[in-house]
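Encoded as structure tokens, the structure appears first; notes follow it.
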Amino acid sequence: MKSKHLVMILAAATWTLSGCNQDRATNAENRPNLETPKVETKTESTQVGSTLESKTETTTDGGAGQRDVKGVREMIIGTVTFYTAGKKIEVITGEKKSHVYVLDAKDTSSTIDAGVTVGSRVRLVEDTGDNKTRQITVRIEPAAP
């Protein structure tokens, strides 16, 4: 008698478990593909004395059904050689390389520290999104030791 009950319990458990597994398989097939986005970052930097040129490219592959995103960040630390507020800034780095940025260009916004003048040592960061909008930030950099 005990073995008959045990067989019935085992049969019911097997039937229940096989039904649960089937539901899980069906649900997994109906779920959208939620892959983890793949992010790739490449950075190149050149430092000469107390100046720096750096470029970082970040690409995000959104996976199935997601939009891919690419952004570029360029950062330089150097000395301002020309500056017209809200219009244009030029910064020179240690290799005597000049970097010119037009601050009032289309799709460009900028944030410049109030104390920036010709001769200031600055950190300039330019972020460009995949929609080609640019954000330029200029901060006064502490003097090199």
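The values are calculated or read from the model by the stated rules, or taken from the named source; none is laboratory data. Remember, it's a predicted structure, so these values are computed and weren't measured experimentally. Reconstructed Cβ throughout: ideal geometry from the backbone, glycine too, with neighbour counts over all protein chains shown.
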- Message: Looking for something in a loop (DSSP other than H, G, I, E, B), free of Cβ contacts under 8 Å to residues at least 12 places away in the same chain and among the small types (Gly, Ala, Ser) - is there at least one such residue anywhere in the stretch 42-61?
- Response: no
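Based on what the data block shows, is THR133 at pLDDT below 95 and of a type outside the set (A, V, I, L, M, F, W, C)?
Values: at pLDDT below 95: yes; of a type outside the set (A, V, I, L, M, F, W, C): yes.
So THR133 fits the description; yes.
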- Query: Can you tell me which residues in the stretch 71-98 are part of a loop (DSSP other than H, G, I, E, B) and aliphatic (A, V, I, L, M)?
  - Reply: ALA85
- Query: Residues of the stretch 61-76 being among the β-branched types (Val, Ile, Thr) and either modelled with pLDDT of 90 or more or surrounded by fewer than 16 Cβ atoms within 10 Å (Cβ to Cβ) (or both), which ones?
  - Reply: VAL69, ILE76
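Take residues that are buried (at least 17 other Cβ atoms within 10 Å of the Cβ) and touching an Asp or Glu at 6+ places or on another chain (Cβ under 7 Å) and tell me which of the strands (runs of 3 or more DSSP E) falling wholly in the stretch 99-145 contain 2 or more.
On the way: elements: 108-112, 121-128, 134-140.
Once the strands (runs of 3 or more DSSP E) in the stretch 99-145 are filtered for at least 2 residues that are buried (at least 17 other Cβ atoms within 10 Å of the Cβ) and touching an Asp or Glu at 6+ places or on another chain (Cβ under 7 Å), what remains is 121-128, 134-140.
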- For the stretch 77-93, state whether one or more residues are more than 28 Å from the chain's Cα centre (by Cα), at positive phi and exposed (fewer than 11 other Cβ atoms within 10 Å of the Cβ). no
- Query: What number goes with the only condition from (1) in contact with a Leu (Cβ under 9 Å, 6 or more places away or on another chain); (2) of a type in the set (Lys, Arg); (3) on the phi > 0 side of the Ramachandran plot that LYS132 does not pass?
  - Reply: (1)
- Failed condition for ALA143, given (1) more than 20 Å from THR46 (Cα to Cα); (2) out of contact with any Phe, Trp or Tyr (no Cβ under 9 Å at 6 or more places or on another chain); (3) small (Gly, Ala, Ser), with all others met? (1)
